[in-house]
1. Looking at Lys87, Lys152, can you tell me which residue is modelled with pLDDT of 90 or more, among the charged types (D, E, K, R), assigned to a loop (DSSP other than H, G, I, E, B) and surrounded by fewer than 18 Cβ atoms within 10 Å (Cβ to Cβ)?
2. Would you please name the residue that is nearest to Ala129 (Cα to Cα), looking only at residues in region 206-239 that are surrounded by 17 or more Cβ atoms within 10 Å (Cβ to Cβ) and at pLDDT below 75?
3. Mind listing whichever residues of region 93-105 are over 20 Å from the mean Cα position of the chain (by Cα), within 28 Å of Gln53 (Cα to Cα) and surrounded by 12 or more Cβ atoms within 10 Å (Cβ to Cβ)?
4. Hey, among Phe254, Phe264, which residue is in a strand (DSSP E or B) and modelled with pLDDT of 95 or more?
5. Go through Ser134, Ser95 for me and flag whichever is at pLDDT below 95, of a type outside the set (A, V, I, L, M, F, W, C) and over 30 Å from Asn249 (Cβ atoms).
6. Just to be sure I understand the filter: pairs with C-beta atoms under 7 Å, separated by 6 or more residues or on different chains, first member in region 162-186 and assigned to a loop (DSSP other than H, G, I, E, B), second member hydroxyl-bearing (Ser, Thr, Tyr) and at pLDDT below 85. Which pairs pass?
7. For Lys61, work out the one condition from (1) charged (D, E, K, R); (2) in contact with a strand residue (DSSP E or B) (Cβ under 7 Å, 6 or more places away or on another chain); (3) at pLDDT below 95; (4) farther than 13 Å from Gly252 by Cα it doesn't fulfil.
8. Please tell me if Val164 is closer than 14 Å to Thr261 by Cα and either modelled with pLDDT under 95 or in contact with a helix residue (DSSP H, G or I) (Cβ under 9 Å, 6 or more places away or on another chain) (or both).
Amino acid sequence: MEIRRYFWGLCLAGLLCAIWAGCKKDNTTSASLPVVEAYLYAGHPIKVKLYQQKSLTDTAKYGAAITGQQLLISDGSQQIQLTESPKGTYTYIDSSYLVAGRTYTLTFNYQSRQVSAKTVMPFKPTNFATQHDSVHYTHVNTPSATADTLNKFIWDNADSLNHVLVFDNIDDSFFPLDGGFVPNGVSNIFSVNTERKPVYYIVNKSFPYYGHYQVVLLRVNQEYIDLLKSNALGSNSQNLLNIPTNVINGLGIFTAMQSDTLKFYLYE
């Protein structure tokens with residue numbers, strides 16, 4: 001499984017592109033703050049995107065890349081320097097550097113300020129399971145009808161840690177449950193904040209399409225949950241400066257997560 005597919009899947013709804021990449025407002029002290037975008041995943045190379053904010057009328061996906069920076073990450077005992085390639089993207093390819101339970105601190109200097117961010121690498125989720133590998137979809141004919149529980153996903157969570165479930169329809173073609181057409185621009189990936197619970201129930205209205213789903217359980221940190229909640233509340237030109245960030249002297253997110261995956265089939 002290519003885990004970064006799901007990282008970007010979680011951002012497709014504009015989680016970062018419509019928030020930080022477009023959060024520059026005239027005559028504000030935050031206009032020169034750099035935007036950091038980094039999702040650390042144990043056993044994988046590190047990638048940090050660094051770019052400028054852009055105006056609200058700018059239609060580009062990201063602001064201009066911030067290049068030529070010296071990005072350092074420390075785990076408390078060893079400090080590494082990231083390499084820039086391509087422009088504005090800084091990487092470190094030794095996948096053994098990221099270890100569960102360690103705290104990682106990012107630092108770099110930008111326009112006479114030190115920018116920093118800190119996150120903890122979670123441990124991998126355990127005992128992730130589904131009650132059913134495949135389920136028959138039950139049609140609900142009226143808006144007032146009660147949605148039936150089709151399936152449940154469970155995992156260990158004695159400490160009430162943060163988890164996010166990502167559902168990805170992996171079929172080549174999509175077949176809507178209502179029998180209609182697939183709207184342009186609709187993603188086949190959606191995510192759910194499990195609210196620190198050890199179980200998530202799905203009902204017959206949970207999914208947009210029939211077919212095969214790859215279900216990813218992400219164990220995430222609070223900074224990621226804060227961002228998801230902020231995105232769910234909506235963003236506009238009046239509240240852009242209130243978007244949560246764990247970056248000091250910057251905007252964006254520097255976070256870590258681990259995952260487990262299983263498959264599930266919804267048929268008619």
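The values are calculated or read from the model by the stated rules, or taken from the named source; none is laboratory data. The structure presented is a predicted model; accordingly, all values stated were derived computationally and were not measured. All Cβ positions, even for glycine, are placed from backbone atoms using ideal geometry, and neighbour counts span all protein chains on display.
1. Lys87 is the lone residue from the list that is modelled with pLDDT of 90 or more, among the charged types (D, E, K, R), assigned to a loop (DSSP other than H, G, I, E, B) and surrounded by fewer than 18 Cβ atoms within 10 Å (Cβ to Cβ).
2. Asn231
3. none
4. Values: Phe264 fails: modelled with pLDDT of 95 or more.
Result of the check over Phe254, Phe264: Phe254.
5. Residue meeting the stated conditions: Ser134.
6. Short answer, once both residue conditions are applied: Phe174/Tyr209; Leu177/Tyr137; Leu177/Tyr209; Leu177/Tyr210.
7. (2)
8. Considered against the rule, which asks whether it is closer than 14 Å to Thr261 by Cα and either modelled with pLDDT under 95 or in contact with a helix residue (DSSP H, G or I) (Cβ under 9 Å, 6 or more places away or on another chain) (or both), Val164 comes out as yes.
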